[in-house]
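Read through the structure below, which is laid out as structure tokens, and then see the notes.
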Amino acid sequence: MAQLPAGIRFIISFSRDQWYRAFVFILTFLLYASFHLSRKPISIVKGELHRSCAAGNEDGARFNSQSQRASDVPSPQLPENETDCSWAPFDQDNYQQLLGALDYSFLCAYAIGMYLSGVIGERLPIRYYLTFGMLASGIFTALFGLGYFYDIHSFGFYVVTQIINGLVQTTGWPSVVTCLSNWFGKGRRGLVMGVWNSHTSVGNILGSLIAGYWVSTCWGLSFIVPGAIVAAMGIVCFLFLIEDPKDIACSSSLVTHPKAYENGVHRLRLQKHGFPDEKKLLDPEMQCLLLADGKRAVPQSHVVTVPADGASGAAISFTGALKIPGVVEFSLCLLFAKLVSYTFLFWLPLYITNVDHLDAKKAGELSTLFDVGGIFGGILAGVVSDRLEKRASTCGLMLLLAAPTLYVFSTISRMGLEATVAMLLLCGALVSGPYALITTAVSADLGTHKSLKGNSHALATVTAIIDGTGSVGAALGPLLAGLISPSGWNNVFYMLMFADACALLFLIRLIHKELSCPGSAAGDQVPFKEH
């Protein structure tokens, strides 16, 4: 018998379950990357909606409280077919507040809708729910761009478009996190979701590049093309998304066999169900949060055992989800962490335009370095939290380092492009790391918490509560930046540093429990208290 080709041997070395798992990982990655791809254009187009090309507008373009050199910079060259380089109604002196209102409209609607989305998502098929959200988001993203082609100058039109788009985009996050958590167990969730969460940065980068390609010539296409991509991915979702491994008779988790269990191809075995002595299934960090006093183990009679694939049950209530230990603290921490992240997301290109005196396209391209740093920050946070089995402590350390880094960035970013590039990468890693860890691994851990006794219907609700609370901060950050920036960009950075300190403050109790609880160490076994 002829030897199989190397490529075929590689393919059959993976089980059917593993191939499906990889497929779901990649598909959900692309689906949510397309959501972020459609959110980025507004930050790129801001510099085009109001361009400081007239002497009367130069005073309104001064953002730096320490210098007024921006008024001396030559105005960008206008296309031959344009006589005015600003787009009404954003050609007024209060354009910063108007642009901030657009961000606030989207993010406030997103925050409010997220609380409802998790409850609704628990009761509807994920595939249908997510498909609807992606198609609707594509339509309203493109509708914003149609304002360019139909010469629409009504501020209300753009606000309403942003509000509806914010509402329909809330279908995305609870759906993809629930789906991915159904397929991947807790063993290395920090690493898996740290890599997976890079979809946020990848989507931001692609959105910046796509929007930047047309921003100076036809900014309407900066919205229409991303809208078409989101809608197309919605169709892909409808055709290919597999919500749960049980739908195709796959296992929900795979673990390495302790012995040499191999048949030449399959080197993994299915995880057994329902054995109370399998304490490796228990997450030591979450165990620690459930201890009565953080020091004593709970009697064995109160141990809660959860089947590996989860058990079906009634959808959890909103107040019931809030009672899960750690949900409130991580939600409030994310509120401030996301405030910082989304301020960068929506205002960084405009900041670079005014500080480094670049046009909208080049500023948008340079801003992608923040997202590149975010990719490494999210993966690093996941790896470290898996190794230490301390999610809160990992977030706390990165938040502690982020505040002084933001101050350094605000100080040296005016020294030239080289300094800006280095600090963008570092700030992206430290700002996005805690945000990525909380919205993925932490949310999944809490949504499949042992106190739920195997209720698999809680994950979307818990995820929506955490991300919805964070979205309140995401709405406040860009709004505050729009209000504060006329007094100087330094004041904006002081606001961001204060937000980082507040995020760290809300984790103090959890960090103390992790550091003082014996069960937080790797390999320690601490049973769970029944709720």
Worksheet item: If the chain between ASN94 and HIS153 were fully stretched, how many nm would it gain, using 0.36 nm times the residue separation less the Cα-Cα distance?
Response: 19.7 nm
Item to complete: Please give, to one decimal in nm, the separation of the simple spin-label points placed at TYR128 and ALA22, each 7 Å out from Cα toward the Cβ.
Response: 3.3 nm
Fill in: Carbon plus sulfur fraction of accessible area for segment 104-203, probe 1.4 Å, in percent
74 percent
Discussion item. Given a Förster distance of 35 Å, report the FRET efficiency between PHE10 and LEU116 from their Cβ-Cβ distance, rounded to the nearest 0.05.
Written reply: 0.15
Worksheet item: Quick one: length gained pulling CYS218 to LEU146 fully straight, 0.36 nm per residue minus the C-alpha distance?
Response: 24.8 nm
Practice prompt. With a point put 7 Å past each Cα toward its Cβ, work out how far GLN3 is from MET415 in nm, to one decimal.
Written response: 5.8 nm
Worksheet entry | Ordering of 219-230, 483-494 by packing [mean C-beta count within 10 Å, highest first] | 219-230, 483-494
Response to the item:
Expected unfolding gain across TYR494-ARG509 under the 0.36 nm per residue rule, minus the alpha-carbon gap, is 2.9 nm
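The values are calculated or read from the model by the stated rules, or taken from the named source; none is laboratory data. The structure displayed is predicted, hence computed values, not measured ones. Using ideal geometry, Cβ is built from the backbone for each residue, glycine included, and neighbour counts are taken over all protein chains shown. We work out accessible area using only protein heavy atoms, side chains counted, and drop any ligands, DNA or RNA first. Shrake-Rupley method; radii C 1.70, N 1.55, O 1.52, S 1.80 Å.
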